[in-house]
Each structure stands twice: as structure tokens, then as C-alpha cells.
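S.K.: Got a structure for you, questions after.
Since every read-out is calculated from the coordinates, none of them should be taken as a lab result. Predicted model only: the values in this text are computed from it and were never measured. Because the Cβ atoms are built from the backbone with ideal geometry, glycine has one as well, and the counts that use them run over all protein chains shown.
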Amino acid sequence: MKVLVTGATGFLGKYILEELATQGYEVTAFGRNVSIGERLTNDKIRFIQGDFTEPSGIMAAAEGMDAIVHAGALSTVWGKWSDFYQTNVVGTENVLAACEDNQVKRLVFISSPSIYAAAKDQLQVKETEAPEKNELNFYIKSKLLAEEKIREKATVDSVILRPRGLFGVGDTSIIPRLIKVNKKIGIPLFDGGQQLIDVTCVENVALAVRLSLESSRAVGETYNITNDEPTPFKEILDQLHRELSVPVNYLSLNYSLMYGVASTLEKLYSLLRITKEPIFTKYTLYLLKYSQTLSIDKAKNELNYQPKMTVAEGIKKYAEDYRSN
Ligand SMILES: NC(=O)c1ccc[n+]([C@@H]2O[C@H](COP(=O)([O-])OP(=O)(O)OC[C@H]3O[C@@H](n4cnc5c(N)ncnc54)[C@H](OP(=O)(O)O)[C@@H]3O)[C@@H](O)[C@H]2O)c1
């Protein structure tokens with residue numbers, strides 16, 4: 001089976017390539033960064049340089065493919081709407097058109113549970129609880145719109161995955177940010193960090209992607225993906241820093257005050273068109289303040305998804321790599 005993977009030069013993409021290649025798939029990695037792309041190639045993986053915001057490149061790359069995994073995205077919490085729209089919405093439309101024109105039999109789209117973000121505790125959120133609209137930030141807005149495009153295109157057999165809080169070796173986002181903020185000012189905690197969160201080993205997300213390619217039942221469906229180990233935020237941080245052998249510094253903050261700061265910063269940055277991310281955004285505060293865990297019953301029942309790596313194992317693996325570098 002021939003599979004094209006967008007976002008292959010990114011964090012999750014590389015794990016998807018590995019998961020598929022080791023299971024006998026013929027894999028083509030798609031991305032803009034040639035130097036990373038060339039390092040990905042071996043006897044089982046080839047690389048095509050391309051930008052999916054350009055219809056012709058992705059159209060040509062999709063030729064002869066049985067399936068596409070669309071993991072490429074502008075994946076950040078701050079930036080211009082035009083950039084998010086172009087990459088995450090128009091890019092997804094181009095991938096859909098490429099699937100349709102090339103009779104690609106399956107599309108797996110990587111969305112995000114950030115679409116559920118709200119100023120409240122949410123436990124065991126089901127896929128059906130997604131809001132129709134959420135404009136907390138442009139990333140969320142663009143992912144919701146991209147999902148809509150996928151559902152509208154009935155001619156393409158698609159599966160949508162919403163994996164939460166990816167971490168693992170090669171992560172450029174969550175853990176590196178925590179390490180940096182811990183060193184600089186300390187990790188902000190509200191309510192003693194007792195809120196429950198779900199995270200996911202990147203290896204488990206790659207597994208869920210493969211299962212989504214293989215399950216006939218998954219067509220037209222959307223699945224939450226986590227490690228299914230809801231844990232208080234502070235407990236995860238303590239465990240991570242213990243494994244990293246780095247002292248952890250916490251910063252106890254007043255939520256109402258910080259919410260005011262974040263709102264003001266967002267308004268100011270938008271007004272002055274500052275593209276750098278503000279130190280706090282409403283979205284990051286929601287992540288730090290509220291519990292959010294997801295029900296993965298649907299993925300377990302329909303995809304036969306069972307996390308193959310525990311959070312503790314994932315943290316140990318990350319820490320070993322961190323200490324050796
Ligand atoms: N990380 C998380 O915690 C998390 C959680 C939920 C969902 N997700 C979703 O999971 C997916 C992968 O995330 P990630 O953490 O692996 O992000 P990442 O490391 O930033 O990778 C994203 C990749 O997308 C590619 N890309 C962006 N624009 C492109 C374009 N116009 N044409 C071709 N390639 C393009 C980039 O490739 P080049 O650099 O080669 O251009 C980049 O390697 C994303 O869809 C993200 O929204 C991530």
C-alpha cells in the first residue's frame with residue numbers, strides 16, 4: 001500500500017513514517033524542508049519536496065497513492081489569520097482535491113482537541129461535543145474549518161484524528177517550552193496544578209494513524225486520541241523533571257489577574273500586528289487552569305486502539321535522550 005505523508009518533516013510526521021515503513025507500507029514523505037527530507041529517506045521511504053498550499057505540487061505527489069496522511073499544518077497558538085487560513089484550510093482543500101482527482105482511497109487528517117478549548121473543566125470529552133465555532137485563536141478556528149472541509153467532501157473516504165498533547169523525542173513544542181519556562185521564570189500553576197490532563201506519546205499517535213488507514217469502520221469518523229491516563233498537571237511536571245534531573249520551579253499565579261494580562265496582550269499584539277507569541281494567551285491560560293480529559297472509547301472500540309507506550313515510559317525515553325544530548 002502506497003501512502004503519502006504530509007508534515008513528514010515535522011515532529012509527528014517522522015513517527016508516522018517509521019510506524020508505516022516498519023509495517024510494510026511504501027511511504028512517501030512530503031514537506032518543504034529538503035535537508036530534513038533527505039535525511040528521512042531510506043530503502044522504504046522516499047521524499048518529495050513540496051508545499052501543499054500550491055495545488056499542483058500535492059496533486060502530482062498524490063498520483064498513484066492508495067492513501068494520504070495529512071499531518072502538515074501551521075501548528076502554533078499565535079500568528080496571522082491569513083497564514084493559518086492558507087496553510088490549514090486551503091492546504092487541506094488542496095489535499096482533498098488531490099485525493100479526489102487521483103482516486104486516493106483513504107485520507108487520514110490530523111486535527112486537534114484544542115477545538116474543545118473553553119473556560120471550564122471538561123472531563124471525558126466525547127468527539128460529538130466539539131463546538132461548531134471556536135475562535136479562541138486562529139489555530140483552533142482553522143482546524144475546525146479544515147475538519148468541516150473534510151466532512152463536506154463526501155467523495156473522499158476520510159478519518160479525522162484529534163490527538164492531545166503530543167510528546168516524545170524530537171518534540172519541538174510542549175516539553176522544550178516547559179523546560180525553557182522552568183529555567184526562566186518557573187512554571188505557572190493555578191490551583192496547585194491539580195487539574196487533570198491527558199497527554200499522548202507520539203508513538204501512540206502514529207499507531208492510531210496506521211489503525212485509521214486499516215479500519216474499514218473508521219471511514220467518515222472522528223476519533224480522540226490520548227494515552228488514556230488522566231493525571232494532575234503537577235504530577236506530570238514532577239515526574240518529567242525528576243527524570244530530567246532538573247529542579248522544577250513553580251510560580252503560583254492569580255488566574256483573574258493573568259487572564260486580564262493575557263487579554264490585554266492579545267489585543268495589543270493584534271493591534272500592532274506583532275507576530276511573536278505573547279508570553280501568555282487566553283488559550284495557554286485555559287490549558288494551565290482547567291481540567292481537560294478526552295474519552296477515547298470510540299477509538300478503542302472501532303479502531304482497536306490501545307496505547308502501546310505509557311506516559312511514564314514516554315517520559316523516561318524523552319529524559320534519556322535529553323540527558324545524552
Ligand atoms: N504537537 C501537538 O501537541 C499536536 C497536538 C494536536 C494536534 N497536532 C497536529 O498534529 C500535526 C503535526 O504536528 P507537529 O507537532 O508534528 O507539528 P510540526 O512539527 O510543526 O510539523 C508540521 C509540519 O507541517 C509541514 N508544513 C507546514 N506547512 C506546510 C506547507 N505549506 N506545505 C508542506 N508542508 C508544510 C512542515 O513541514 P516543512 O517544515 O518541511 O515545511 C512541518 O514539518 C499538525 O497537524 C498539528 O496541528 C499536534
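S.K.: Being closer than 23 Å to Pro232 by Cβ and under 19 Å from the mean Cα position of the chain (by Cα) is the filter here; which residues of the range 301-325 pass it?
M.R.: Result: Pro307, Met309, Thr310, Val311, Gly314, Ile315, Tyr318.
S.K.: Output the residues belonging to the range 105-150 that are over 20 Å from Tyr259 (Cβ atoms) and among the aliphatic types (A, V, I, L, M).
M.R.: Across the range 105-150, the qualifying residues are Leu107, Val108, Ile110, Ile115, Leu123, Val125, Ala130, Leu144, Leu145, Ala146, Ile150.
S.K.: Moving to a separate point now. Out of all the residues in the range 129-145, which are more than 14 Å from the ligand (Cβ to nearest atom) and among the hydrophobic types (A, V, I, L, M, F, W, C)?
M.R.: Passing the criteria: only Leu136.
S.K.: Could you tell me which residue of the range 222-237 is farthest from Leu166 (Cα to Cα), considering only residues that are among the charged types (D, E, K, R) and touching a strand residue (DSSP E or B) at 6+ places or on another chain (Cβ under 9 Å)?
M.R.: Taking the candidates together, the pick is Lys234.
S.K.: So, restricting to helices (runs of 4 or more DSSP H) that lie completely within the range 1-101, which ones have at least 2 residues that are surrounded by fewer than 19 Cβ atoms within 10 Å (Cβ to Cβ) and within 11 Å of the ligand (Cβ to nearest atom)?
M.R.: 34-40
S.K.: Here is a list of conditions, (1) under 24 Å from Tyr290 (Cα atoms); (2) without any contact (Cβ under 8 Å) to a residue 24 or more places away in the chain, and Thr172 meets all of them except one; can you say which number that is?
M.R.: For Thr172, the failing item is (2).
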